[in-house]
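The next block holds one structure in the form of structure tokens; read it before the comments.
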Amino acid sequence: MITPISLVLFLAGLIQSAPAPTGIVQGTVVREGTLEPIVGAKVTLGGVSMTLRQAQMTLSNEAVGESVPPEAIAAARSVIAQQTAGGTTAAPPMAAVTDSAGHFSFAGVPTGNVNVRVELEGYFGQPVNGFYPDFATSSVAVKANEAVNARILMVPGGTVSGKVFDSNGKPFFNAIVAIFRPAYTRGQLTLEGI
């Protein structure tokens, strides 16, 4: 015989064992200004994934008066606090690599807003305050049992080459060459290394 208590316990067990709703995040990573796919890019889902070096650079930029988004400052402080406490700054649990068509896909993604982050050596994200981050990000809203598509644009890095000559027009060997760009720090025009 089924008693009311056993029925309640049975139903409670069903409710607790019901899987959380999930969706699919898929998309393509392309070169900015073209439809050219980017092959082999690392795509991660989840919160902000920031290396210790990136966290230090973010806080350094803030310290000299540059405009840094508040969420980047909070993420940087969190990474440094974790590192100081002896913790790790582990990458998000879901990661993939783009295929030959620049596509990626994640199944079983929990519903809600999710950050998509893409990284590949030699490519950069869209500029923020004149600086090109070494990753591109996008936020997508994941709905239960639905697929959401993301198109992530990356900016290819460049190469500088040339020859150095002395004042007599002869090749100058073993010259030290640096690249600078103009920047403003607290309203003052400066040159900063790239």
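The values are calculated or read from the model by the stated rules, or taken from the named source; none is laboratory data. On a predicted model such as this, the values are computed, not experimentally measured, just so you know. In this analysis, Cβ positions are derived from the backbone assuming ideal geometry, glycine residues included, and neighbour counts consider all displayed protein chains. Only protein heavy atoms, including side chains, enter the accessible area calculation; ligands, DNA and RNA are left aside. Shrake-Rupley method; radii C 1.70, N 1.55, O 1.52, S 1.80 Å.
Observations, loosely collected:
Residue by residue, here is whether (1) out of contact with any Pro (no Cβ under 9 Å at 6 or more places or on another chain); (2) basic (Lys, Arg); (3) within 18 Å of residue 101 (Cα to Cα); (4) outside any strand (DSSP E or B) holds:
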{"position": "126", "(1), (2), (3), (4)": "no, no, no, yes"}
{"position": "133", "(1), (2), (3), (4)": "no, no, no, yes"}
{"position": "151", "(1), (2), (3), (4)": "yes, yes, yes, no"}
{"position": "155", "(1), (2), (3), (4)": "no, no, yes, no"}
{"position": "160", "(1), (2), (3), (4)": "yes, no, no, yes"}
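- Options 86, 130, 125, 102: the member that is open to solvent by less than 80 Å² (accessible area, probe 1.4 Å), more than 22 Å from residue 45 (Cα to Cα) and in contact (Cβ under 8 Å) with a residue 12 or more places away in the chain: 130
- Scanning segment 168-190 for residues that are under 16 Å from residue 129 (Cα atoms) and surrounded by 10 or more Cβ atoms within 10 Å (Cβ to Cβ) returns 181, 183, 184, 185, 190.
- Contact map, segment 167-194: first residue over 26 Å from residue 124 (Cβ atoms), second residue open to solvent by 100 Å² or more (accessible area, probe 1.4 Å), Cβ cut-off under 9 Å, separation 6 or more or different chains; pairs are 171/163; 171/165; 172/163; 172/165.
- Residue that is at pLDDT 85 or above, closer than 17 Å to residue 46 by Cα and exposed (fewer than 14 other Cβ atoms within 10 Å of the Cβ), where the choices are 147, 107: 107
- For first residues located in segment 111-122 and free of Cβ contacts under 8 Å to residues at least 24 places away in the same chain, partners that are assigned to a loop (DSSP other than H, G, I, E, B) and open to solvent by less than 50 Å² (accessible area, probe 1.4 Å) and lie 6+ apart or on another chain with Cβ distances below 9 Å form the pairs 121/157.
- In segment 119-137 there is at least one residue matching the filter, namely being touching a Gly at 6+ places or on another chain (Cβ under 8 Å) and within 28 Å of residue 21 (Cβ to Cβ).
- Listed conditions (1) under 13 Å from the mean Cα position of the chain (by Cα); (2) farther than 22 Å from residue 24 by Cα; (3) modelled with pLDDT of 85 or more are all met by residue 116, apart from (2).
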